Structure formats: structure tokens, C-alpha cells
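To start, the structure under review is shown below, and the notes come after it.
The values are calculated or read from the model by the stated rules, or taken from the named source; none is laboratory data. The shown structure was predicted, so the numbers you read here are calculated from the model rather than taken from an experiment. Quick reminder, even Gly has a Cβ in these numbers, built from the backbone with ideal geometry, and neighbours come from all protein chains shown.
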Amino acid sequence: MYKDKTLRFISLSQANRHSAHPEATPITMRNHWTTWGLLLLLASLAGCSEPFSRKSRQPLPPLETTHFKSKVDNSVVGHIYRLQLQKGDTLADVARHFAIGFQALQDANPGIDPWLPPEGKEIILPLAFILPDAPREGLVINLPSMRLFHFKEHGRVESYPIGIGRAGWNTPLGRTHIVQKKSNPKWVVPESIRREHASLGDPLPKVVPSGPDNPLGSHALRLGFPSYLIHGTNKPYGVGLRISHGCIRLYPENMVNLYSRVEVGTPVTIVDQPYLLGWWGNQLYLEAHTPLQPQGEETVKWLAELEGRLRRIEKEIHGEIDWNRVAETVSEARGIPIPILTKARNLDRLIASVPLAPHPDQWPYSPDFPDFSVGWYLDLDLPLMTRDARKLAAILRHQGPPLPAHRIGDQVFIGPYASKPAAIKIKSRLQRKLQLGSKLVSPWKSQELLKMTVIHYRE
């Protein structure tokens, strides 16, 4: 299908990395540590310099994570940064702090364990974006990049990471608008979702009241598409994943901001654009994401369309495109704008030259639990190595709602809970949602563990 020096060698057999999630994937000793590759948008300094801005001897000003400035003749906003990880960091905490989707951070940094990343490792903060090919008005949502763009006057753009519908519960495409705004929404559960939960032994009421157990979070925007919303969430670490029943989720803090900035009647455009092209000055950039259906005919169509666009550009500019870099960019699908003209600098050097973002003193949204103390616990009773126990504890602490997991040696305990019924309720959730078995640990037994344990791990 493809000629020499084109995309002919791009594999169409990429796995769909965006569908896995800790509460949607059974945990077994077989797939546990591979499928938990699951669960950042640092913005421009002034919004008007190229994505790979070079290091400066001047200290960086406060980093803006959701607001950008675009130029009429440029379709690339934001910047790429680096961040040096510290002990105890997880990519989930980094992603939320910098308003980046969890999968987007993983895609930009392949091969890094999201739950136990190496201390001192430098990662990329993928905070530059090519704007979708759509009218620059109201809200524009690109499903493959899992980002929402809010276009405002004077070239201002706000952007937030989103969670979208999983396979079989696809988020709809097309043009619509906001028809209702609602704070502290109740969730009227669709009958199809009630049937699904009932089949899994997790029956839902017809209406879930507002509060911490409501998956809509504290604010919601109803769309003209029947039954579809843009809303917050009580499971923030699902943002940036394909996990919903078709609605669009934002981090709670991002949803509060968006809610205050849009009105009923605001137009909403939802597109499916895995391959984005954009200019910054005299350089052409390509941003590639894993298609929603990576093995389908739609992907073949996208690749053919991309090749056609690039060949037309070559003729128009009388320049030459680096087809090897194009193929590499599409194949790797790292979700960052990559310069693809032959005169572009080496990518590794480009990344090494970008500024190093300051590491925050703490992660403000990271779950915080008390130390191991006397109470009712659940012992996961799994044959784990110490490293695996650390990883499992980190994953459980980033569930929705978070679970107070503690690692003691190579064992993982969840608690404390004030009563036996409260612990049994969580035991049922672990089995139903995560297929994790557990044993009840009484306050007396936890007191014995507390006496025997000299060092308690909360990593």
C-alpha cells in the first residue's frame, strides 16, 4: 500500500494501551504486573515559544498547567519539560499535579514503571499540544489524545486531560452543545449500567445522591447528546484512561474550573484525530497517539490520509520530510509534538535541551493515610516479593476511592477500619472489583503485628 520512504513499515498491531485500569482488569499472578500499566500539561511561560524551548540560566517562573496562548499562524501550544523524580514518586501523582492524563504520561515515558519509577530518573512532561483540526470555538475534545480544549477570546486556550468511554461504551463523535449545568448532581443510573453492575454482583440504585460515592463528582455539564455528560469524578486516577461508560471525566479540580468558565449553549465538538500536524514558525510537527481501534480499518485510513497530507505539504514547501522520523513517531505514539522536517534537530538532543521543571515539595492530591495502628484490617495474603508488595500498595492507594494500603515486609494490609462490617464491605469490593481475595485481621491480631513490627512501610 505504501511506497518507499513512507509509512509502509508501521505496525498496525499495537495493543490498545488505553483500555486497562486497576478496577476494570482482574488481578492475577499471571497478568498482575503487566496490566497495571494503567492508572503531565505544563504550559508555556508566555505561551508563545516553540515546544522544545531551550534551557535558560534564568529561574523558571511559576508553571502554568492549563492555560495557553495560541497564535493565528501556529497550531502548537505549550512546552515540553523534564522532571527529575524523587523517592516515593508515582506517575499517577505527577500526572495529576501537572494536569496530565495518566496514560499520556506513560506514553511519553515508555518503559518506566508508573508505580515504582527509579529515584533520580528524568522524565518528560508532555505539555505541548497540537490543536485539533476543528473550529476554534467553545469546547473541542480529541478522543485519541484524551484532552479537552476550551477556546476563548484573544487566542487564549485552556486544556484539561480527560477520561473517555471504554471499548463498547464509546464516547460519541460530532457537534453538540451544553444544555445544562449542575452542581452537586445526582446520578440517575441508566438501566444498561444497572444491568451490567447487577451481573457483576454490584447492584446500583436507580439514583445515586450527590456526595463522595457519586461518580459524577461535584459538577456536571449535560450535553445535547442524550445521556452524555462532562463531569468530575470520585475516581480521579481514571482520568486519562478509557474507562467510563461514554461520559467525559475531568480531575475534580479541573472540572470546578471548567464549570465556572462555560455557559449553557457553549458549542462542543468531539473528534477522533490520532495523528495531528501543526506548524510552529518554519517547523512542521507531528503528534501521534494510539488510535481508538489500533487494528481496525479506521487506522489504515488514518495512515493513508496522513501520508497524503504530508506529500502535499512536501510539494507546497519545496522541502523534504524525514519519513523515517514520521514512521518512528507514528509507531511509538508518544503523544508529543515531534519536528519532522529533515533539518530538524536530533530528538534526543531536543529533549535533553528543554528546561528542568522544579519538583514540588509535596503532591497535594496524593492520598494521605495514618500509620499502621490497631483496628480491623484486610490481609491480602499474596505470595509477593517485597518490590511487588510496594507496587501493589501504591496501586491500591490510588484507587477510587483510595484504599489505605500498608506494606509490612512482603505483605500488604488494608485498614484500619473501625468495625468488622466496614472491613467486610471493603473485602467485598476487593473481590468484586479487583478479584483480590483477603483475610480479616482483628484488632487483637493487628496489635500483635504492631508489636512485632519494628519498621512500618508506607510507600
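Would the stretch 204-216 turn up any residue that is under 20 Å from the mean Cα position of the chain (by Cα), modelled with pLDDT of 95 or more and of a type in the set (A, V, I, L, M, F, W, C)? If you could, list the steps in order and put the result at the bottom.
Step one: filter the stretch 204-216 for residues under 20 Å from the mean Cα position of the chain (by Cα), giving 215-216.
From the residues that got through so far, the ones that are modelled with pLDDT of 95 or more too are none.
No: zero hits.
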Handout entry: Residue among ASP381, ASP368 that is within 28 Å of the chain's Cα centre (by Cα) and acidic (Asp, Glu)
Key = ASP368
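Within the stretch 154-194, which residues are part of a helix (DSSP H, G or I), closer than 18 Å to TYR228 by Cα and not acidic (Asp, Glu)? Full working, then the answer.
Of the stretch 154-194, the ones part of a helix (DSSP H, G or I) are 154-155, 191-194.
With closer than 18 Å to TYR228 by Cα added as a condition, the list becomes 191-194.
Correct list: SER192, ILE193, ARG194.
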Problem - Number of positions in the stretch 267-307 that are within 25 Å of the chain's Cα centre (by Cα) and over 21 Å from ILE336 (Cβ atoms) - result: 8
Fill in the blank from the handout: Within the stretch 66-89, residues surrounded by fewer than 19 Cβ atoms within 10 Å (Cβ to Cβ), charged (D, E, K, R) and over 22 Å from ARG261 (Cβ atoms) come out as ASP73, ARG82, LYS87
Fill in the blank from the handout: Scanning the stretch 318-356 for residues that are of a type in the set (A, V, I, L, M, F, W, C) and within 22 Å of the chain's Cα centre (by Cα), the one modelled with the lowest pLDDT turns out to be ILE351
Fill in the blank from the handout: Within the stretch 90-112, residues being over 19 Å from PRO161 (Cα atoms) and surrounded by 24 or more Cβ atoms within 10 Å (Cβ to Cβ) number 0
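Tell me which residues, restricted to the stretch 319-369, are among the aromatic types (Phe, Trp, Tyr) and in contact with a Pro (Cβ under 6 Å, 6 or more places away or on another chain). Give the derivation first.
Going through the stretch 319-369, the residues among the aromatic types (Phe, Trp, Tyr) turn out to be 323, 363, 365, 369.
Within the stretch 319-369, just PHE369 meets the criteria.
Is it the case, given these coordinates, that ASN214 is in contact with a strand residue (DSSP E or B) (Cβ under 9 Å, 6 or more places away or on another chain) and surrounded by fewer than 16 Cβ atoms within 10 Å (Cβ to Cβ)? Full working, then the answer.
On the way: in contact with a strand residue (DSSP E or B) (Cβ under 9 Å, 6 or more places away or on another chain): yes; surrounded by fewer than 16 Cβ atoms within 10 Å (Cβ to Cβ): no.
When the stated conditions are applied, ASN214 does not pass them.
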Exercise for the section: Say whether the condition of being modelled with pLDDT of 90 or more, touching a strand residue (DSSP E or B) at 6+ places or on another chain (Cβ under 9 Å), closer than 26 Å to ILE336 by Cβ and crowded, with 20+ Cβ neighbours inside 10 Å is met by at least one residue in the stretch 170-192. Expected result: yes
Exercise for the section: List the number of the failed condition for PHE225; all other conditions in (1) in contact with a Phe, Trp or Tyr (Cβ under 9 Å, 6 or more places away or on another chain); (2) of a type in the set (A, V, I, L, M, F, W, C); (3) surrounded by 15 or more Cβ atoms within 10 Å (Cβ to Cβ) hold. Expected result: (1)
Handout entry: Neighbours by Cβ (under 7 Å, 6+ apart or cross-chain): first from the stretch 96-122, within 17 Å of ARG249 (Cα to Cα); second outside any loop (DSSP other than H, G, I, E, B) and of a type in the set (S, T, N, Q)
Key = ALA99/ASN254
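Yes/no matrix, rows are residues, columns are (1) of a type outside the set (A, V, I, L, M, F, W, C); (2) crowded, with 17+ Cβ neighbours inside 10 Å; (3) more than 28 Å from LEU241 (Cα to Cα):
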residue	(1), (2), (3)
GLN283	yes, yes, yes
ALA288	no, yes, no
GLY296	yes, no, no
LEU303	no, yes, no
ILE313	no, no, yes
THR329	yes, yes, no
ILE336	no, yes, no
PRO339	yes, yes, no
ARG345	yes, no, yes
Fill in the blank from the handout: So, first residue within 13 Å of PRO252 (Cα to Cα) in the stretch 210-221, second residue surrounded by 21 or more Cβ atoms within 10 Å (Cβ to Cβ) and among the polar types (S, T, N, Q), Cβ within less than 8 Å, six or more apart or across chains; the pairs are PRO215/THR233; LEU216/THR233; GLY217/THR233
Handout entry: Matching residues in the stretch 339-372 - criterion: being part of a loop (DSSP other than H, G, I, E, B) and within 15 Å of PHE52 (Cβ to Cβ)
Key = ILE340, LYS343, ALA344, ARG345, ASN346, VAL354, PRO355, ALA357
Practice task
Determine whether the stretch 144-166 contains at least one residue that is at pLDDT below 95 and within 28 Å of ASP388 (Cβ to Cβ).
Solution key: yes
